[in-house]
Amino acid sequence: MKRPVILLTLMLVATSAGAQTPTQAKRDSIARADSIARADSIALVRELEKMQTTSDTTQPPPTAAPTGGFIGSTNPRLLPDISAVGDLIADFSPDGSTQEDQSRFSVREIELAFQAAVDPFFRGDVFLGISDEEGVAIEQAYLTATSLPAQLEVRLGRYLLPFGKQNTTHRHDLHTIEYPWVIQKFFGPEGIKGTGVYVSRVFSPFGFYQELILTAIDRLGEPPEGLTAAEPPNKKLEGLGYSARFRNYLDLSESTNFELSFSALTGRKEQPIAGAPEGDINAVNRRQTIAAADLTYRWRPLQQGLYKSFILQAEWMRQFNPSRRTAVVPDLGEVELDAPSGHFDGAYAFARYQITTRGFLGGRYDYVEDPERDGTKIHAASGYLEFFPSEFSKLVMGYERYMPGGGEKSLNRFILQAAFALGPHKPHPF
């Protein structure tokens, strides 16, 4: 009789203990969660206090939370990403150097980049260019809003103008050694940049991506040296530079895609008065408008993408100028201008094929009507061999047959380029 009584007693005790276990376990879980939450809050407060009061430390403060995760900032001094890109050129052209400074070997530019998130709402990017010709110059410096509604992106500052396809790419990141001749003749050897506001938005109403980019900049191009007009071209809002770019991006298959874009740019710029001396009013503000269209086809097979790819790219531009070469200037009357008149066309076609894992073979054909030479037709054909030892370096060997027209002698150009990156900003052309 004692054994059944003992068993019955043990069963009752177990049942009672089992009935209390869920409540007690729940109570223990809540207490544990509260304790962890309090510990996390206390640790967060301590971390913030440490960041606010510590001005100089040799070791970063501990950031491990009691739960095993990490809290606070892993960069308490808020240092940006810093990188440097070197662009080295060697010109072996048989008729002399074709570089701006006439050098055979040169450091064309050193670019310093400082990039970081400012806070949860903004990101800052600063690019400084250092060269023997220009010294230190602000290439780009803009603030990007990252938390705007309606998927808007807004930039304030200086940036490469989103006009055409290649102008938004730094020279050291190009597939070729230099910009196409239409960009050089219409804007300059380094393309065109502006300081102002940039607004963009991505759409997909038709099942493929579209992007609209609108900009307003202080002026059209850089101020010309030695030219002074009666008033600045941006005195009135209509004298600012305005641009629009409409991109259409379509995936044709898993390995191919296609991009078709249209661009427009307009603004006023100083044009010289024929025979006027420097220092006085020797220029007139005149409107210039440029329209462009570009297309890009890319192929990269999924199973062979590491060592097989192909890019075909073409771009056309037209520059519009007033048809008359005269203007009326206060106190001077009607004057003759040493400025382009009418419209001028330019275009290029470029193709690049990947021949090895790190090797690429490319070619480009250029055509442009030179505005500075009354539309004299320039032709050029070039070939390029690119080699990427890694994503941090690039070697390019280029040959170009430059045919300036107008009775001038054609040139054969042999140029080598070496680009390298220190830090996160890599020379990887798009």
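The values are calculated or read from the model by the stated rules, or taken from the named source; none is laboratory data. None of the values given here were measured: they were computed from a predicted structure. Here Cβ is always computed from backbone atoms with ideal geometry, including for glycine, and neighbour counts include all displayed protein chains. These area figures cover heavy atoms from the full protein model, side chains too; ligands, DNA and RNA do not enter into them. Shrake-Rupley method; radii C 1.70, N 1.55, O 1.52, S 1.80 Å.
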With the other protein chains left in place, how much accessible area per residue, in square angstrom, belongs to region 98-212 at a 1.4 angstrom probe?
-> 47
Dividing the mean separation of Cα pairs under 8 Å (6+ apart) by the residue count of region 126-279 yields a relative contact order in percent of 17
Ignoring ligands, DNA and RNA, how do Met317, Met397, Met403 rank by accessible area with a 1.4 Å probe, largest first?
-> Met397, Met403, Met317
Built amide H within the under 5 Å cut-off of Thr98, gap 5+ = Ser93
Taking the radius of gyration and the Kirkwood hydrodynamic radius from Cα positions alone, what is the Rg/Rh ratio for region 246-351, to two decimal places?
-> 1.27
Share of Cα-Cα pairs in region 173-265 lying beyond 18 Å, as whole percent = 63
Got a number for carbon plus sulfur as a percent of region 126-226's accessible area, 1.4 Å probe?
-> 58
Can you tell me the order of 175-181, 144-150 when each peptide is scored by its average per-residue count of other Cβ atoms within 10 angstrom, highest first?
-> 175-181, 144-150
Accessible area (Å², 1.4 Å probe, nearest 10) - Tyr209 = 130
For Ser200, what accessible area in Å² do you get when you roll a 1.4 Å probe over the heavy atoms of the protein chains, rounding to the nearest 10?
-> 10
List the pair-distance distribution P(r) of region 102-189, using every Cα-Cα distance, as the percent of pairs falling in each 10 Å bin from 0 up to the bin containing the longest distance, rounded to whole percents.
-> 14, 39, 32, 13, 2, 0
Counting only residues 5 or more places away or on other chains, whose amide H sits under 5 Å from the amide H of Thr146 once H atoms are built in the peptide plane?
-> Phe122, Arg123
Phi-derived 3J(HN,Hα) across region 333-349 with the Karplus relation (6.51, -1.76, 1.60, θ = phi - 60°), rounded Hz, x for Gly and Pro, is x, 7, 10, 9, 9, 9, 9, x, 9, x, 10, 9, 10, x, 7, 8, 9
Residue-normalised accessible area of region 352-430, given per residue in Å² at a 1.4 Å probe | 50
For an R0 of 60 angstrom, estimate the FRET efficiency from the Cβ-Cβ distance between Val197 and Asn412 and round to the nearest 0.05.
-> 0.85
Taking θ as phi - 60°, what are the ³J(HN,Hα) couplings along region 358-366 by the Karplus curve (6.51, -1.76, 1.60), each to the nearest whole Hz, with x for Gly and Pro?
-> 10, x, 9, 10, x, x, 9, 10, 10
Among Lys165/Lys394; Lys235/Lys377; Lys308/Lys377; Lys269/Lys409; Lys185/Lys235; Lys308/Lys394, which pairs are too far apart, with a Cα-Cα distance over 29 Å?
-> Lys235/Lys377; Lys308/Lys377; Lys269/Lys409
With a sphere of radius 11 Å drawn around the Cβ of His343, what net charge do the other residues whose Cβ falls strictly inside it have (Lys, Arg +1; Asp, Glu -1)?
-> -1
Can you find, among Pro205, Ser131, Ser93, the residue farthest towards the positive end of the dipole of region 75-211? Put +1 on the C-beta of Lys and Arg, -1 on that of Asp and Glu.
-> Pro205
